[in-house]
Amino acid sequence: MSRRYAWPALVLACVGFAFLYVPLFTLVAYSFNESQRVTMWTRFSTRWYAALAGSQELIDATLMSVKIATLSATMAVIVGTAAAIALARYKRFRGRGLLMLAVTVPLATPEVLIGFSLLLLFVGLGIERGVLTVVIAHTTLGIAYVTVVVQARLASFDRSLEEAAADLGGRPLAVFKLVTLPLLMPGLVAGWLLTFVLSLDDLVLANFVNGPGTSTLPMVVFGRVRTGLSPEVNALAAIFIAFVTVTLAVVLLLERSNTAHAAAQD
Amino acid sequence: MSAGPRPVSPGSLIALPPVFWLGIFFVVPFLFVLMISLATPQIGRPPYVLGFSLDSYAAIFGDAKYLDALLNSLRLASLTTLLTLILGFPMAYVMARAAPGPRAVMLLLVFIPFWTASLLRIYAWMALLQEGGIVNRVLIMLGVIDRPLTLLYTTGSILVGMVYAYLPFMVLPLFAVLSRLDWRLLDAASDLGARPPVTFLRITLPLAAPGILAGSLLVFVPALGEFVVPELLGGQSGLMIGKLIWYEFFNSNDWPRAAALSVSFVVVILSLPLLGQLRGRRPEAGA
Amino acid sequence: MHRRQSSPWTKALGAALGLAALLQGCSSGQGHGPEEKVVNIYNWPNGIDPDTIKLFERETGIKVRYGIFDSSEVLQAKMLAGNSGYDVVVPSGPFLQRMLQSGLFQPLKREAIPNLRNLDPVLMRKVAVYDPGGRYSVPYVWTTIGVGYNIEKVKARMPDAPLDSLDMVFKPEVAARFQDCGITWIDAPAEILPLALGYLGLDPNSDRPADLDRAQHLVRAVRPYIRYINSAKYMDDLANGETCVALGWSGDILLAKAKAEQSAREAGIKPTPITYSIPREGTSASFDMMAIPVDAPHPGNAHKFLDFILRAQTQARIANVMTFANANAASWPLIRPEIRDNPQIFPPPERRNALWVVKAASPALDRMRTDIWASMIAGRAP
């Protein structure tokens with residue numbers, strides 16, 4: 001068997017990963033810095049973690065953002081996958097052209113516009129602004145992303161598996177659940193993650209459609225920029241990283257032991 | 001599907017949820033904005049009078065600064081897309097070809113930065129690139145330079161920030177497609193005597209095309225309207241169209257003009273692929 | 001929407017209208033009995049100290065929900081869209097004036113705010129241009145616009161630098177000397193352009209194209225020497241020593257100075273030497289006003305909040321903690337001397353008369369200002 005991949009790919013990939021992680025190391029390193037200023041290292045200290053624990057504003061905003069992001073990502077995946085399947089598989093149904101436009105235009109539309117027009121809609125309909133409206137805004141944007149990703153995956157699909165399942169007597173819904181969905185899964189997960197990140201990071205949309213009492217994390221962080229970001233937010237970032245690393249590691253380990261287990265049973 | 005002709009096609013049915021959602025939460029608001037773009041501004045609530053006036057559009061097409069801002073943004077978005085592709089393709093490729101063990105680790109590594117607010121990571125870059133920041137300190141320590149370089153608030157720092165923010169949006173779609181690739185095709189090609197660059201160009205690249213397209217779409221288009229990154233990391237970078245739209249909405253209180261600018265922007269972007277097709281390029285696959 | 005009948009779009013439209021009707025029913029209706037014990041405030045970040053909020057909550061049992069906006073422009077847009085959900089908002093003067101013209105605020109019930117008597121009549125006359133008779137608003141804090149310096153770096157480049165003059169940020173020959181160590185401006189055309197007009201000896205509130213043309217030439221001539229134009233990052237950069245000259249709000253710059261000193265003390269090193277100076281060519285007094293939106297859900301609580309703020313002790317505490325000047329004469333004896341007698345925070349009465357106020361702009365003036373500003377940033381003639 002030949003080498004798995006040429007060295008240029010490996011080198012560039014390493015550069016890419018390093019690029020992703022340099023700021024993260026900085027963030028984490030300075031979360032343990034005693035001094036407030038990021039340009040000065042004085043000595044090791046955990047004071048910012050203590051400050052974070054006492055910062056109700058940051059904690060509330062974080063929980064709020066995570067909640068909104070989870071809801072938006074889930075909704076976006078459900079609706080977006082439906083759109084992707086409809087567009088990729090069914091070449092002629094009424095309104096197809098319009099659907100195609102409706103899933104791509106949000107990508108092209110400046111967030112200022114989406115946020116603003118949604119605000120007008122909510123005011124016009126008398127919908128109270130809060131978590132619901134922010135979730136709606138993020139989902140709408142997320143649908144566009146999910147559709148693009150899932151469609152790309154569908155495009156590189158091998159339909160023979162589905163056809164085989166159908167030939168064996170599987171009904172459309174069962175074929176979908178047992179064959180199509182698992183094969184689509186990487187695309188769905190990718191779409192979910194993209195929307196989650198979009199929502200977690202969004203500043204503009206939330207600014208427009210949120211209500212009193214729904215401050216999201218980016219808004220709070222951005223508000224603190226003016227007086228200089230205190231390393232509490234570094235501590236927050238470090239905690240996020242630790243939490244996610246542990247969770248993902250556990251999930252992946254479980255999945256591998258599952259597959260190993262299933263393989264062992266064959 | 002094998003069943004006979006039905007009164008309602010399944011495509012219609014499956015399309016119903018997205019159509020419903022996007023209809024009420026995107027199309028209708030967009031139509032509002034279209035209406036406002038044809039209105040005339042006034043002082044009061046709302047700050048416009050509905051009607052039919054093309055004044056706002058005329059003003060936009062008659063003023064060079066709007067075109068300037070658009071070209072500026074196009075330039076930035078193209079560079080960002082190119083750089084994320086160059087950096088992201090090897091990452092996705094290596095991940096897709098890896099054995100399940102290392103692949104899992106790499107997936108982990110790609111996802112972790114995702115979960116820190118991108119705003120924070122941008123601030124980290126600000127700290128890194130400052131005159132008193134780490135990059136300069138290290139370079140001085142190594143003796144490469146004696147006075148700190150101005151790295152921050154330049155076009156370079158904007159690009160760094162943009163690539164950083166948009167990299168995952170290129171890597172994930174690429175990975176989603178590349179992971180479906182049948183690697184035996186590559187092995188077969190090299191067994192037949194093809195050298196690696198050839199295999200890459202003639203086999204890998206075309207098969208990865210849907211992923212490249214998807215990734216480029218998810219980077220280029222939103223990057224066009226981006227203005228948070230240039231705001232924070234930029235200095236004398238000129239006006240971006242996203243910022244211009246912001247100014248029109250907020251500073252000049254001219255909602256019709258802001259609406260007209262946004263609508264024009266969307267129309268221009270949507271017509272870009274059409275222009276591409278007109279010049280004889282391959283139409284988008286599966287999009 | 002679509003021509004043929006069984007299109008999913010028609011079905012969707014029907015469902016959408018149904019949902020809209022449903023949502024209309026369960027929307028936030030006003031007038032549901034006595035006010036909930038909540039008050040929603042919309043203010044600048046760092047616009048108020050947390051202790052004041054806690055004291056208010058403890059005394060009245062009313063929960064404060066605090067939302068932040070980072071520019072008056074955003075506040076204005078949200079208010080113009082309607083039904084913002086806020087009870088107390090804090091726009092700056094000219095924006096208050098414009099929003100009043102659009103009928104966005106409700107008149108204050110003066111009997112519910114007895115502490116109105118604490119306000120200084122001289123300063124109240126200044127804000128009368130925004131709100132004649134003070135029927136809708138009360139001044140909260142005020143600042144001036146001026147220049148903050150890193151004194152060491154500035155003197156190193158030009159020992160006789162005109163520190164009290166706008167030459168530092170408006171005159172190309174002078175600004176060029178500091179280009180390498182970094183000059184910054186706030187991103188506020190509605191403040192900077194009047195400042196430029198005043199610098200040129202013209203009426204800051206002028207809307208004559210000839211005057212604005214001169215202002216435009218001025219800003220375009222000096223733009224190449226400005227490192228960036230941004231209202232969010234300049235404080236931190238000045239405090240860090242990344243920039244050396246900053247045109248901005250006195251409140252921000254003095255806060256940056258305080259933070260620089262604090263972190264330097266902790267680290268045991270010398271702090272970045274920052275000073276602020278009010279330009280001798282004249283500048284504006286920038287007032288932040290508190291007002292109650294016409295559709296506020298809890299107007300009674302809003303009035304209580306305003307009255308609480310206007311107490312001498314409250315405004316004194318805010319001044320002491322956040323180093324903002326206020327218009328509350330009753331609070332002045334309670335303010336620390338370092339702040340009250342600091343001419344950079346509380347300009348003495350003679351200088352106060354020289355301060356002008358920026359009035360709300362007509363749409364034509366807004367348009368001119370935005371065009372000048374955007375073209376300047378784009379680097380070309382409009």
- Here the range C:234-241 yields Karplus 3J(HN,Hα) values (6.51, -1.76, 1.60; θ = phi - 60°; whole Hz; Gly and Pro given as x) of 6, 5, 4, 5, 5, 5, 7, x
- Rg to Rh quotient for chain A, alpha carbon positions, Kirkwood Rh: 1.04
- Task: Tally the DSSP beta bridges in the protein assembly as shown and give the antiparallel ones as a percent, rounded to 5.
- Result: 65
- Once you average over the residues of B:250-262, how many Cβ atoms of partner chains fall within 10 Å of each Cβ? 6
- Query: Can you give the Kirkwood hydrodynamic radius of the protein assembly as shown from its Cα pairs, in Å with one decimal?
  - Reply: 29.7
- Item | Proximal aspartates and glutamates to B:Lys65, defined as alpha-carbon separation beneath 14 angstrom and excluding residues fewer than eight positions away on the same chain | B:Glu248, C:Asp371
- Query: Taking every residue in C:184-195, how many Cβ atoms of other protein chains lie within 10 Å of its Cβ, on average?
  - Reply: 1
- Task: For a footprinting-style exposure proxy, rank A:Met185, A:Met75 by other Cβ within 10 Å, fewest first.
- Result: A:Met185, A:Met75
- Message: Restricting to DSSP H runs of at least four residues, report the calculated mean residue ellipticity at 222 nm for chain C, -39500 (n - 2.57) per run over all residues, nearest 500 deg cm²/dmol.
- Response: -13000 deg cm²/dmol
- Message: Please report the antiparallel percentage of DSSP beta bridges with both residues in chain C, rounded to the nearest 5.
- Response: 60
- Task: Measure up C:Lys126/C:Lys359; C:Lys171/C:Lys259; B:Lys243/C:Lys233 against 22 Å on the Cα-Cα distance and list the ones that go over.
- Result: C:Lys171/C:Lys259
- Note on the structure: Quarter of the surface of the C-alpha convex hull for chain B, i.e. direction-averaged projected area in nm², equals 24.0
- Item | Size-normalised alpha-carbon gyration radius of chain C, reference 2.2 N^0.38 Å | 1.11
- Task: Shielding by partners for A:142-151, please: the mean number of other protein chain Cβ atoms within 10 Å of each residue's Cβ.
- Result: 5
- Task: Among the lysines, select those whose C-alpha is under 18 Å from the C-alpha of C:Lys63, and discard any that sit fewer than 8 residues away in the same chain.
- Result: C:Lys37, C:Lys54, C:Lys304
- Relative contact order %, chain A, counting alpha carbon pairs below 8 Å whose residues are six or more apart: 30
- Answer rounded, prolate or oblate for the range C:275-382, using the Cα gyration tensor with square roots of eigenvalues a ≥ b ≥ c: rounded when a/c is under 1.5, else prolate when a/b is larger than b/c, else oblate. oblate
- Task: Within 10 Å, count the other beta carbons around each residue, average over each peptide in B:171-178, C:315-322, and list them highest first.
- Result: B:171-178, C:315-322
- Task: Give the calculated FRET efficiency between B:Leu34 and A:Ile239 to the nearest 0.05, with a Förster radius of 51 Å applied to their Cβ-Cβ distance.
- Result: 0.70
- Task: Rank by packing, highest mean first: peptides B:101-108, C:329-336, with packing defined as the count of other Cβ atoms within 10 Å averaged across residues.
- Result: C:329-336, B:101-108
- Note on the structure: What the 10 Å binned alpha carbon P(r) of the range A:94-233 shows, as percent of pairs per bin from 0, is 10, 29, 28, 19, 10, 3, 0
- Item | Integer Hz, Karplus 6.51/-1.76/1.60 couplings in order for the range A:189-201, x for Gly and Pro | 5, 4, x, 4, 5, 4, 5, 4, 5, 3, 5, 4, 8
- Item | Exposure proxy ranking, count of Cβ atoms within 10 Å, fewest first, for C:Cys244, C:Cys181, A:Cys14 | A:Cys14, C:Cys181, C:Cys244
- Task: Would you mind computing, in nm to one decimal, how far apart the modelled labels at C:Val122 and C:Arg223 are, each placed 7 Å from Cα along Cα→Cβ?
- Result: 4.0
- In whole Å, what is the distance between the alpha-carbon centres of the range A:61-99 and the range C:334-364? 53
- Task: Tell me what chain A gives for mean residue ellipticity at 222 nm when only DSSP H runs of n ≥ 4 count, each as -39,500 (n - 2.57), the sum divided by the residue total, rounded to 500 deg cm²/dmol.
- Result: -25500 deg cm²/dmol
- Message: Using Cβ contacts closer than 10 Å as the measure, can you line up C:Asp70, C:Asp236, A:Asp167, B:Asp146 from fewest to most?
- Response: B:Asp146, A:Asp167, C:Asp70, C:Asp236
- At 0.36 nm per residue, minus the direct Cα-Cα distance, what do A:Lys67 and A:Ala249 gain on full extension? Give it in nm, one decimal, please. 63.3 nm
- Query: Rounded to the nearest 500 deg cm²/dmol, what is the calculated helix-only ellipticity per residue at 222 nm for chain B, with -39500 (n - 2.57) per DSSP H run of length n ≥ 4?
  - Reply: -22000 deg cm²/dmol
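We did not get these values from a lab; they are worked out from the coordinates using the rules stated. If you're wondering where the values come from, they're calculated on a predicted model, not measured in any experiment. Here the Cβ is made from the backbone with ideal geometry for all residues, glycine too, and neighbour counts use every protein chain on show.
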